[in-house]
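What follows is calculated from the coordinates using simple rules that are stated; it is not laboratory data. These numbers were taken from a predicted model, which means no experiment stands behind them. Here the Cβ is made from the backbone with ideal geometry for all residues, glycine too, and neighbour counts use every protein chain on show.
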Amino acid sequence: MSPRYPKPPEGSWTEHFGLDTGPVSYADSISPSFYERERQAIFRRAWLNVGRVEQLPKAGSYFTKELAVLNTSIVVVRGMDDEIRAFHNVCRHRGNKLVWNESPDEETQGFCRQFTCKYHAWRYGLDGSLTFIQQEDEFFDVDKSQLGLVSMHCEVWEGFVFVCAAREPEWSLREFLGPMITALEGYPFDRLTSRFGYRTEVRANWKLFMDAFAEFYHAPVLHSKQSPDKYAVAAREAGYEAPYYAVEGPHRLVSTSGVRFWEMDPGSLKPMEVMTRGGLFGPWDKADLGELPAGVNPGRCKPWGLDSFQLFPNFVILIWGQGWYLTYHYWPTSYNTHVFEGNVYFLPATNVRERIAQEMSAVTFKEFALQDANTLEATQLMLESGYVEKFPLNDQEVLLRHLHKVVGDWVEQHAGVPA
Amino acid sequence: MSPRYPKPPEGSWTEHFGLDTGPVSYADSISPSFYERERQAIFRRAWLNVGRVEQLPKAGSYFTKELAVLNTSIVVVRGMDDEIRAFHNVCRHRGNKLVWNESPDEETQGFCRQFTCKYHAWRYGLDGSLTFIQQEDEFFDVDKSQLGLVSMHCEVWEGFVFVCAAREPEWSLREFLGPMITALEGYPFDRLTSRFGYRTEVRANWKLFMDAFAEFYHAPVLHSKQSPDKYAVAAREAGYEAPYYAVEGPHRLVSTSGVRFWEMDPGSLKPMEVMTRGGLFGPWDKADLGELPAGVNPGRCKPWGLDSFQLFPNFVILIWGQGWYLTYHYWPTSYNTHVFEGNVYFLPATNVRERIAQEMSAVTFKEFALQDANTLEATQLMLESGYVEKFPLNDQEVLLRHLHKVVGDWVEQHAGVPA
Amino acid sequence: MSALLPAEFAEFEEYAAHWCLPTETERFERRMASDMDEMGAFYAAFSARLDEAIEFCDKYPLDELPEDVQRLLQLIHSYVMVSMAVEIFHQPKVVDSADAVLRRVKEPRP
Amino acid sequence: MSALLPAEFAEFEEYAAHWCLPTETERFERRMASDMDEMGAFYAAFSARLDEAIEFCDKYPLDELPEDVQRLLQLIHSYVMVSMAVEIFHQPKVVDSADAVLRRVKEPRP
């Protein structure tokens, strides 16, 4: 047996974080009414990441985002003053969706100097002000200054664009993120701009897919075909353990130890990994990102594999030791469906060899994620059947416990608060 | 600037009709409970058009109509006595749907001498009387005379077949239609029998699509690709105004001025319009319909384009100056879905040249309607989001205001009336 | 293959196999499934003889068109359908129609 | 047919017509629609010269690849895609992925 990673003094991470150790219920993932409460108590109050500043390269750049969980669509735009703003994507005249391209239910992006409604050609400036009403004289006492686009609170942190649907946010964005997350400031997100984006609709509650990516307990089992044999054996011997966990407020973190499996004997490696120098853990040739901020690898693991920062409620930033990062977003569309978005970010490749290592890593990411997503629908259905009500979670699954706990707490504390 | 059409003495059509000029709410279009009240207060009381006599060419001809808004299906049939009757489409034995073909939820039509239930072969005459009970002796004290099909009130006006679900209608059909509509009597609907019928399901409240077709303010914007440039410019200069509006009781009318765009310079025309002599405004060669009744073009517009008569609650007759007409029906199926039917009626073509001009006109109609229908679903979703509650309407949108006002009035006045 | 169209219009046989469709629904679906090059070629080829084709059909009473003439009429109907894409939208789909659908459920024959 | 690839890689022309696809979505769909024999043959043939192909591409700046070199890069991308099926899953589909779907909606070019 390999030495196990040390546990906190309480004997487990779960107890260390003051969490209950009993079996858990997923009643919060199978109930339309609980979902309604989540929408009010969580999604209308929290800061939600909707994209990055690189998606808005210049004044007039915009993108739309469908936010079913908030019952709205928004348009995020960089104004002439370089400010980034978010507006409800609805024309004030008759409620038509303002910005869309081929299909009104699909997201779009582009560049413009003003927004013009397709229906009656009302025009809005990039700052949301209503600038033109077709045939204005036909209206009655219309005051253009009162009919600008309805804005949503919007703040940017480290290039990540967040919105908040609350009338008055309870926290600034930095307050909401808290010290564990803001300790990432200085990480070169702005340099890692080579993006591979993925998207899919999943027929399962949003938390169930978060759960699937919140632990590495499953990895050597579900992904046994992709995992090098030696790695699987080592991981099994080590008890599949992650060396470090942290929680702070509603957010949480897991770090993994870095198995440099390309240093293993050649029998463990797939030919393509050797040829492309890329794969499961990213490109083998570590990107030189300079000195990293203190918030990265806060457990000081050595070797260090990755940090998975899970930002409440539905956003994950996963930083790899090899010098790249992933994000995940889980956008609820109903109590048992959601849209999953995964983005893989690298330094821009400077030559084909680097590009291929990135391609290999991105393709591998997808094949893993396809396995992770595979039984979610079946899980959802079985949970909904209700024949089993409680499920045990182990200490390596502590972050799942924390997510469901925080969700429950927010919903409970918000109960009775007028909308 | 072209001269604008004169307004009524009050300064606007909206004030002329005694309507409020403030912003409106579409709360009546996003609420399941309001929809329930609409069903009771409006659809169970008003006369509803379900088709035309030409669909029932001889004794024994029938068609079924699915009326989700009344929670029923009906069969409309021409009896041996040539009378047209409507019955609830349900067998008195066990409540099975009586008349259907491939699929019980699809409408059907045909010709028969009696109706036979598919389940237990009970038979009914064309007058609804129960004529045969399979194994009648096995029943107890059964009285066939008490078990005929349940009829619905049915009256015909100018070849249009109307039904009324009220136990006792509050008005005869002609009383309900009132003088503005009955002034159309004598229009040769019975000669315009070459029909192009269209149908679709729309994920929006029925009134929102009525609204889309109730104003011409949007036309040169949304349909700019199809509108000849000169027309778009002329319309813009004229402020997109319609010259004449009227309301009477729950019904309403808008007339447009006729831009004879084929008299414009050739640069404004698409090659196909020139070749087929048909398009947006119908066949260029005006059908000779003889003298028209006084109810047509009541504002005496010259040139005259069309009259759009909007018959409360959900039926539109749109008469074109070129000698053809359209009908629209909006059949609610829930608070945020409805079935739209559009029918285009011409004089029967006597040769291929006429047939092609009609085809061109019908195809053009469809392409326009596809644009009008395009974002209804998105509009519905954005209205349901509730982030904006009030929307301004201009004087050219006066008929929308009237529709929502009348709907609200009927619902309110009916409140408290026992069902 | 035996001729679909009257001999006078033999040059359009290649289009006939593809575009002689009796209903608007079929013609609309064919348009959606075609690319602009295909439709542009049909449009360009047929434009010059549209008027002649209509004249030809009109030598017969509308309700007694021989089968090959009926197919010629279907080809004219398809030409109308295609012209929308070629002249107006420059794409098969109606611009700004999103996922809206409208089915023709009744039409005069032919 | 004119050559798709640089002359140095002419031996792969037969694969080029099939596998030079600019997006991951197309490459993934092609893999799903291919059988293992087809993919095995491509994999076997290309393996020996992968490194050489990468070197060849890298004689040009990444954002100024000539068209034939871009297609060679696409072929390499497809080779990566195919290798997953050949080396790991021994079937086109990801083992245990059930009916899960994940569309790549953004990627760097080339």
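What is the angle, in °, between the Cα long axis of helix A:352-373 and the longest principal axis of the Cα atoms in chain A? Nearest 10 is fine, range 0 to 90.
90
Is the protein assembly as shown best put as rounded, prolate or oblate by its Cα gyration tensor, with a ≥ b ≥ c the root eigenvalues, rounded for a/c under 1.5, and otherwise prolate when a/b is larger than b/c, oblate when not? Don't skip to the answer; put the middle values down first.
On the way: a/c = 1.84, a/b = 1.60, b/c = 1.15.
Taking the square roots of the gyration eigenvalues as a ≥ b ≥ c, the protein assembly as shown is prolate.
Among all the aspartates and glutamates, which ones have a C-alpha under 15 Å from A:LYS302's C-alpha, if same-chain residues fewer than 8 places away are not counted?
Cα-Cα hits under 15 Å: A:GLU241.
With respect to the symmetry axis carrying chain A onto chain B, which residue of chain A exhibits the smallest Cβ distance to that axis, and what is the value in whole Å?
Reported as residue, whole Å: A:PRO32, 8.
Under 13 Å from the Cβ of C:GLU13, count the other residues' Cβ atoms, weight Lys and Arg +1, Asp and Glu -1, and hand me the total.
Here the charged neighbours net out to -3.
Could you give the nm distance between label points at C:GLN91 and D:VAL101, where each point is 7 Å from its Cα heading toward the beta carbon?
For C:GLN91 paired with D:VAL101, the spin-label model returns 2.0 nm.
Rank-order A:368-378, A:115-125 by packing density, defined as the average count of other C-beta atoms within 10 Å over each peptide's residues, highest first.
Highest to lowest by the protection proxy: A:115-125, A:368-378.
Round to the nearest 0.05 the FRET efficiency obtained for D:GLU52 and D:THR25 when R0 = 25 Å and r is the Cβ-Cβ distance.
Values: r = 28 Å, r/R0 = 1.11.
Efficiency, from the Cβ-Cβ distance: 0.35.
For peptide A:271-283, what's the mean number of Cβ atoms from other chains within 10 Å of each residue's Cβ?
Per residue, the number of nearby Cβ atoms from other chains is 3 on average.
Take peptides B:325-335, B:306-316, D:3-13, B:383-393 and line them up by average Cβ neighbours within 10 Å, highest first, as a rough protection proxy.
Values: B:325-335: 20.5, B:306-316: 23.2, D:3-13: 15.5, B:383-393: 18.5.
Descending mean neighbour count gives B:306-316, B:325-335, B:383-393, D:3-13.
Near the axis that takes chain D to chain C, which D residue has its beta carbon closest, and at how many Å?
D:ALA33, 11
Given an 8 Å cut-off on Cα distances and at least 6 residues of separation, report the relative contact order of segment B:46-169 as a percent.
With pairs under 8 Å counted, the relative contact order is 28 percent.
I need the phi-derived Karplus couplings for segment B:378-389: 6.51 cos²θ - 1.76 cosθ + 1.60, θ = phi - 60°, integer Hz, Gly and Pro marked x.
My calculation for segment B:378-389 gives 5, 4, 4, 4, 5, 5, 5, 4, x, 6, 10, 10 Hz in order.
Please report the base-10 log of the normalised intensity I(q)/I(0) for chain B, using a Debye sum with one equal scatterer per alpha carbon and no solvent, at each q in 0.06 (1/Å).
-0.27
For D:MET36 and A:TYR387, what is the calculated FRET efficiency with R₀ set at 51 Å and r taken between the beta-carbons, to the nearest 0.05?
0.80
Pull up the cross-link candidates among the aspartates and glutamates for B:LYS97, meaning alpha carbon to alpha carbon under 19 Å and not fewer than 8 places away within one chain.
Within the straight-line limit of under 19 Å, B:LYS97 reaches these aspartates and glutamates: B:GLU66, B:ASP105, B:GLU106, B:GLU107, B:ASP127.
On a straight-distance basis, which lysines could pair with A:LYS390 in a cross-link, Cα separation under 27 angstrom, same-chain partners fewer than 8 positions away excluded?
Correct list for A:LYS390: A:LYS7, A:LYS207, A:LYS405.
Averaged over B:347-357, how many beta carbons belonging to a partner chain fall within 10 Å of each residue's beta carbon?
The mean count of partner-chain Cβ atoms within 10 Å per residue comes to 6.
Using Cβ counts within 10 Å as a stand-in for footprinting exposure, how do C:CYS20, A:CYS91 rank, fewest first?
On the way: C:CYS20 21, A:CYS91 29.
In order of increasing Cβ crowding within 10 Å: C:CYS20, A:CYS91.
Sorted by average packing, counted as other Cβ atoms within 10 angstrom per residue and highest first, what order do B:357-366, A:395-404 take?
Result, highest mean Cβ count within 10 Å first: B:357-366, A:395-404.
Take A:GLU36 and B:ASP82, extend 7 Å from each Cα along the Cα→Cβ direction, and tell me the distance between the two endpoints in nm.
5.7
For A:THR350, which inter-copy label distances result when the label point lies 7 Å beyond Cα on the Cα-to-Cβ vector, reported in nm to one decimal and in ascending order?
8.3
Would you mind counting up the charge near D:ARG104? Only other residues with Cβ under 14 Å from its Cβ, with Lys and Arg at +1 and Asp and Glu at -1.
With Lys, Arg at +1 and Asp, Glu at -1, the neighbours total +2.
Modelled label-to-label distance, B:LYS144 and D:HIS18, 7 Å Cα→beta-carbon offset: nm?
Taking the simple label geometry, B:LYS144 and D:HIS18 are separated by 7.3 nm.
One-quarter of the Cα convex hull surface for segment A:46-169, in nm²?
For the Cα atoms of segment A:46-169, the hull's average projected area reads 7.8 nm².
Before anything else, pin down the relative contact order of segment C:12-89: Cα pairs under 8 Å, at least 6 apart, normalised by residue count, whole percent. All intermediate terms of the calculation are to be shown ahead of the outcome.
Numbers: 48 pairs, mean separation 39.0, N = 78.
Taking the mean separation of contacting Cα pairs over the length of segment C:12-89, I get 50 percent.
Taking chain B as the reference, fit the longest principal axis to its C-alpha atoms, fit the long axis of helix B:398-414 to the helix C-alpha atoms, and give the angle between the two in degrees, 0 to 90, nearest 10.
Tilt of helix B:398-414: around 30 degrees.
Could you pull out every residue, at least 5 positions away or on a different chain, whose amide H is within less than 5 Å of the one on B:LEU67? Hs are placed 1.01 Å off N in the peptide plane, and Pro or chain starts have none.
Long-range HN contacts for B:LEU67: B:THR72, B:SER73, B:ILE74.
If we count other beta carbons within 10 Å of each Cβ, what is the order of A:LYS144, D:LYS59, fewest first? Write down the numbers at each step before the final one.
Working: A:LYS144 15, D:LYS59 10.
Ranking A:LYS144, D:LYS59 by Cβ neighbours within 10 Å, fewest first, gives D:LYS59, A:LYS144.
Assume the label is 7 Å from Cα along Cα to beta carbon: what separations in nm does B:ALA59 have to the matching positions in the other copies?
Those label-point separations list as 8.1 nm.
If each residue of separation counts as 0.36 nm, what is the full-extension length gain between B:LYS7 and B:THR333 once their alpha-carbon separation is subtracted? Can you show the working numbers first?
Values: separation 326, 0.36 × 326 = 117.36 nm, distance 3.82 nm.
In short, 113.5 nm is gained.
What does the average come to when, for each residue of peptide D:43-52, you count the partner chain Cβ atoms lying within 10 Å of its Cβ?
Working: counts 2, 0, 0, 0, 3, 0, 0, 5, 3, 0.
Average neighbour count from other chains, rounded to a whole number: 1.
Which whole-Hz couplings ³J(HN,Hα) result when phi for each residue of segment B:315-324 is put into the Karplus expression 6.51 cos²θ - 1.76 cosθ + 1.60, θ = phi - 60°, listed in order with x for Gly and Pro?
These are the phi-based 3J(HN,Hα) values: 9, 10, 10, 10, 9, 9, x, 6, x, 8 Hz.
Pull out a ≥ b ≥ c, the square roots of the eigenvalues of the alpha-carbon gyration tensor of segment A:32-102, then state rounded if a/c is under 1.5, prolate if not and a/b is larger than b/c, and oblate in the remaining case.
Details: a/c = 2.53, a/b = 1.54, b/c = 1.64.
Here segment A:32-102 falls in the oblate category.
To the nearest 20 debye, what is the magnitude of the charge dipole of the protein assembly as shown about its Cα centre, counting +1 on the Cβ of each Lys and Arg and -1 on the Cβ of each Asp and Glu? Write down the numbers at each step before the final one.
Details: 104 positive and 152 negative charges, 270 e Å.
For this selection, approximately 1300 debye.
Using a label position 7 Å from Cα in the Cα→Cβ direction, what is the ascending list of nm distances from D:PRO61 to the same site in the other copies?
So the label point of D:PRO61 gives 7.7 nm to the other copies.
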